[in-house]
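Derivation of every value follows stated rules applied to the coordinates shown; laboratory data play no part. Quick caveat: nothing in here was measured; it's all calculated off a predicted structure. Cβ coordinates were reconstructed from backbone atoms using ideal geometry, including for glycine residues, and neighbour counts include every protein chain displayed.
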Amino acid sequence: MKTRTDIQNMVKNNNKIVMISAYDFPSAQQSEAAGADIILVGDSLGMVVLGYHSTVQVTVSDMIHHAKAVKRGAKNTFVAVDMPFMSYHLSLEKSLENAQKIFQETNAQALKVEGYSEQVLQLTKRLTVAGIPVINHLGLTPQTFNVLGGYPVQGRGESGIKLLQHAKELERAGSMAIVLEAIPKQLAQKVTQNLSIPTIGIGAGIHCDGQALVYHDILRYGKHHLPSFAKAYSNFQEVGVNGLTKFVIDVKTNQFPTDEQSFF
């Protein structure tokens with residue numbers, strides 16, 4: 001199983017990091033079999049598999065439930081788990097308690113924290129010292145979509161200078177890697193060049209040290225909007241609906257079950 005050090009050394013070896021967001025046992029099994037370096041149990045599970053309107057509704061219990069299933073499906077892959085909305089925005093002590101609960105109950109290898117603030121800096125430091133690796137997340141941070149007014153591209157103009165500064169501060173705080181979401185590729189390249197820890201892009205261009213996509217987007221599984229930065233490599237939605245439709249027709253026309261599916 002890869003460790004924090006293994007992931008970070010991939011950059012030195014010019015070996016691109018592949019992160020797949022997966023949320024259950026079978027998707028974790030498939031992601032591991034395909035050779036993913038990191039499986040992220042992202043809070044995007046709220047929208048993708050639970051049908052929530054946004055990640056804001058996702059709870060600590062939701063994350064633990066799904067992360068445990070992922071760990072059972074991918075025993076030999078580095079697994080990181082998102083800390084969900086408001087689980088790390090109250091007191092530092094409460095944030096540490098939530099982090100401890102998620103980390104211990106899921107047996108994950110790292111936690112991921114969105115955004116930048118003094119509290120995020122302190123949490124990153126405290127968790128790292130305690131032995132919990134932290135992946136940080138800058139750029140578009142879905143948990144703050146209500147403040148952002150949606151999901152716009154981030155880091156243009158002067159905000160890009162701040163993002164680079166924040167990335168450097170998070171690295172000094174002990175961050176093991178930084179996810180860069182929906183920022184201009186030139187900015188992602190600059191951030192990557194100025195850090196010694198890996199950058200993992202999702203909608204951030206080719207120059208990051210690794211790339212991340214959601215399992216359901218890669219396979220077009222489930223009827224949902226495909227982000228402009230995602231690429232579908234298969235179409236499980238079409239294949240799945242076709243298969244289910246054939247089953248419905250077989251039952252209604254008495255073609256299923258046959259003797260082959262019956263007992264005597």
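Modelled spin labels at Asn76 and Arg156, positioned 7 Å past Cα toward Cβ, are 4.6 nm from each other. Mean residue ellipticity, 222 nm, helices only, the chain: the sum of -39500 (n - 2.57) across DSSP H runs of n ≥ 4, divided by residue count and rounded to 500, is -13000 deg cm²/dmol. For the chain, the relative contact order comes to 16 percent (Cα pairs under 8 Å, sequence separation of at least 6). Simple point charges give the picture: +1 on the Cβ of Lys and Arg, -1 on the Cβ of Asp and Glu, and for the chain a dipole about the Cα centre of about 540 debye. Give me the percent relative contact order of region 117-236, please, defined on Cα pairs under 8 angstrom at least 6 residues apart. Rounded, it is 20 percent for region 117-236.
One decimal place: the segment Asn15-His65 gains 14.8 nm when fully extended, by the rule 0.36 nm per residue minus the C-alpha distance. Label positions at Gln100 and Asp6, each projected 7 Å from the Cα along the C-beta direction, are separated by 2.9 nm. Build a GNM of the chain with springs between Cα atoms under 10 Å apart, and of His66, His137, His89 the one that fluctuates most is His89. Put simply, when 68-80, 234-246 are sorted by average Cβ atoms within 10 angstrom per residue, most first, you get 68-80, 234-246. Note on region 135-218: Kirkwood hydrodynamic radius from all Cα pairs is 12.8 Å, rounded to one decimal. Computed extension gain for Thr128 through Ser196, at 0.36 nm per residue and net of the alpha carbon distance, reaches 22.8 nm.
Which pairs, out of Lys12/Lys125; Lys71/Lys162; Lys12/Lys94; Lys101/Lys185, put more than 32 Å between their alpha-carbon atoms? Going by Cα-Cα distance, Lys71/Lys162; Lys12/Lys94; Lys101/Lys185 fall outside the 32 Å limit. For Lys2, the amide hydrogen comes within under 5 Å of the amide hydrogens of Phe78, counting only partners 5 or more places away or on other chains and with H modelled in the peptide plane. Across the chain, Cα-Cα distances exceeding 24 Å account for 49% of all pairs. Which whole-number percentage describes the relative contact order of region 1-82, with Cα contacts under 8 Å and a sequence gap of 6 or more? Here the relative contact order equals 38 percent.
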